[in-house]
Amino acid sequence: MTKWIAALLALFAVGAVAEPVSFNRAGSEAVDAMVHVFYTGDGKWRECAAKDCHASNQDWGVDSMTYVLWLDWKTAKDAKVAPLMSALAQTAPSYPAPCTEGVACSSWSDVPEWDSIAASREYEITHDAMALQKARAAFDFVEHAQVFARGACPAINYQLADGGTNHLKTLETDANAVKAAILLYETTHEQRYLTSAFTRYASIRRYYLDPKVPLYSVYVFDNGTKCEQTPHRFFASVNGDMIWNGLHLYNATHKAAYLKESLATARAVDERLSDARGIFADLQAENDIAEPLIEAFYELATERHFQPARQWLLRNAAVALSVRAHDGTFGRFFDGPAPTSLTSVWQSNGGFALAVAVAAVAPNTTAPTNSDWLGAHFVARDITLTSEPIAFDGSAVALIGTIGDNCCEAGHARVVVDGIETFDQTGIWQNKSSSGRPTPDAVLFAWRWPKTGHHTVRFMPGTENAKEGGAYLHLGGYWVLP
């Protein structure tokens, strides 16, 4: 039996007819699955859904699991969350004094910001002074460092001390720095945190905001002479952060511009970053997480009563909940088939957060349990950048290959659907594997249309840069849904 036939059988097993459940129950079951699969029992998270996966309590992938726990506590007051958060607070990293020399700096700049947010969430639930101190120290590690705010645009931070070898500045640092500062301000009411958030938010809009649409590209390269934005890398995490940041800065200041900017980005996510059915397409970059975006849309839906945000959550949940893996975990693509390969925290956090959010927004709505992908057929075909385009008659396509095929970073491709390149030009960053291992038989891209038609998907070489590397693509085939 080939691996593709095995995948087909697994897909049918996942999509077997199941009893309808409410969003409320689906949300509770999702959190139970997340804890069962990814939590180790001793204050750490596994990075992927296997017992031998690396376990930790630091940085964005595992922090996203902590964020989902907080969202569950916030929305459902789930009693099991507090003990878990207490254990996580104990193992959360304790940051030393800020770096003054790059050669001796122990951390990238984005890592402490993700961790500060997680520690603030732990403090909110546990009221453990140690958690608050860890949140402060993580934030200060970057805020007062002398090695990140350098280059031609020192108002935004390098990811590596003194720019490292790639001269990369990432919005993962600065957008999370704003969120971390706001959370600390909301907890302590110390003005220094709010002042930092104001200043950094303005710098983000200067350097990371796309010149034509209200979305934020995640990368800027600063070679010491000039700063150049990498266009159209619209990560879910940073755009979610900026929606949330704008909303909370509005709450703190009542300045209408912040709310206007937040809503504009939310609308652009809905309009620009969805497939043809209006379902969010979180394109393949194994270093992106979607929880911050779900969290931001949840707050817009509930606190601002912004109906497009509520509709976005319900529309995405209606498909994502029907394509869970056997173990209850989620894949990256809400509108794709159920994952049959090993899932990771980077892939699954968005689905878990979505399940929790809709459980709060529409608890009594029936959650779909049966996947349309039951009717899909698989086409085994070796595809590279030099291959002929994929052409088919159908209503959906899902491309299959190995995440981290040439592990674990450099190599990506651009994707053109029916003659138009995806608006998020992340495309397929196939070789990026944050878990440090290849993941075969993974869904690398999924796209659906409202009805059956003739469609083409072709690929272009990724433009080389010092983060994503050069051009690469290797697929083993694709699913087509009639």
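With a bin width of 10 angstrom, please list the P(r) values of the stretch 375-481 as percents of all Cα-Cα pairs, from the 0 bin to the one holding the largest distance.
P(r) for the stretch 375-481, in whole percents per bin: 15, 49, 30, 6, 0.
How do 416, 62 line up, fewest other C-beta atoms within 10 Å first?
Ascending Cβ contact count within 10 Å gives the list 416, 62.
Can you run phi through the Karplus equation (6.51, -1.76, 1.60; θ = phi - 60°) for the stretch 116-126 and list ³J(HN,Hα) in whole Hz, with x for Gly and Pro?
3J(HN,Hα) across the stretch 116-126, in whole Hz: 4, 4, 4, 5, 5, 5, 5, 5, 4, 8, 8.
How far is helix 60-76 tilted, in degrees, relative to the longest principal axis of the Cα atoms in the chain, given as a value from 0 to 90 rounded to the nearest 10?
Taking the Cα atoms of the chain, the angle to 60-76 is about 90 degrees.
Toward the positive end of the charge dipole of the stretch 26-292, about the Cα centre and with charges on Cβ (Lys, Arg +1; Asp, Glu -1), which of 135, 157, 225 goes farthest?
Value computed over the given set: 225.
Using +1 on the beta carbon of Lys and Arg, -1 on that of Asp and Glu, and nothing else charged, what's the dipole of the stretch 375-481 about the Cα centre, debye to 20? Walk me through the numbers before you get to the answer.
Working: 8 positive and 11 negative charges, 38 e Å.
With only Lys, Arg, Asp and Glu charged at Cβ, the dipole is about 180 debye.
Can you give the Kirkwood hydrodynamic radius of the stretch 89-194 from its Cα pairs, in Å with one decimal?
Numbers: mean 1/r = 0.0729 Å⁻¹.
In the stretch 89-194 this quantity evaluates to 13.7 Å.
Can you list the residues, at least 5 places off or on another chain, whose amide H is less than 5 Å from the amide H of residue 274, using H built in the peptide plane?
Long-range HN contacts for residue 274: 281.
Taking 0.36 nm per intervening residue step and subtracting the Cα-Cα distance, what contour gain separates residue 133 from residue 387 on full extension?
So the chain would gain 86.0 nm between residue 133 and residue 387.
Can you give me the Rg/Rh ratio for the chain, using Cα atoms for both radii and the Kirkwood formula for Rh?
With Rh from the inverse mean 1/r over Cα pairs, Rg/Rh is 0.94.
Per-residue counts of other Cβ atoms within 10 Å, averaged by peptide: what ranking do you get for 308-320, 212-224, 185-197, highest first?
308-320, 212-224, 185-197
Once you have the Cα-Cα distance between residue 97 and residue 25, take 0.36 nm times their residue separation minus that, and quote the gain in nm to one decimal.
Result: 21.4 nm gained on full extension.
Order the peptides 97-106, 289-298, 439-448 from the highest to the lowest mean number of other Cβ atoms within 10 Å of their residues.
Ranking the peptides 97-106, 289-298, 439-448 by packing returns 289-298, 439-448, 97-106.
Under a Cβ-only charge scheme (Lys and Arg +1, Asp and Glu -1), can you give me the dipole magnitude of the chain about the Cα centre, in debye to the nearest 20? Intermediate results must be reported in sequence, preceding the final value.
Numbers: 39 positive and 53 negative charges, 147 e Å.
Approximately 700 debye in magnitude.
What is the distance, in nm, between label points placed 7 Å from the Cα along the Cα-to-Cβ direction at residue 420 and at residue 307?
Result for the modelled spin labels: 2.5 nm.
Just want the answer: with Cβ charges of +1 for Lys and Arg and -1 for Asp and Glu, which residue in 70, 102, 48 is farthest toward the dipole's positive end in the stretch 40-178?
Going by the charge dipole, the pick is 70.
What are the ³J(HN,Hα) couplings of the stretch 157-170, residue after residue, when phi is run through the Karplus curve with 6.51, -1.76, 1.60 and θ = phi - 60°? Round to Hz, x for glycine and proline.
8, 5, 6, 10, 3, 6, x, x, 9, 10, 6, 8, 10, 10
Across the stretch 400-417, in residue order, what do the Karplus-derived ³J(HN,Hα) couplings come to in whole Hz, using 6.51 cos²θ - 1.76 cosθ + 1.60 with θ = phi - 60° and x for Gly and Pro?
Working through the residues one at a time gives 10, x, 9, 5, x, 4, 10, 5, 8, 8, 6, x, 8, 9, 9, 10, 10, 10 Hz.
So how far apart, in nm, are the two label points at residue 187 and residue 140 if each is 7 Å from Cα heading toward Cβ?
Taking the simple label geometry, residue 187 and residue 140 are separated by 1.3 nm.
Modelled label-to-label distance, residue 271 and residue 452, 7 Å Cα→beta-carbon offset: nm?
Distance between label points: 3.3 nm.
Using amide H atoms built 1.01 Å from N in the peptide plane, name the residues 5+ places from residue 395, or on other chains, whose amide H lies under 5 Å from its own.
453, 481
We did not get these values from a lab; they are worked out from the coordinates using the rules stated. None of these values were measured; they are calculated from a predicted model. Cβ: placed from backbone, ideal geometry, glycine included. Neighbour counts: every protein chain shown.
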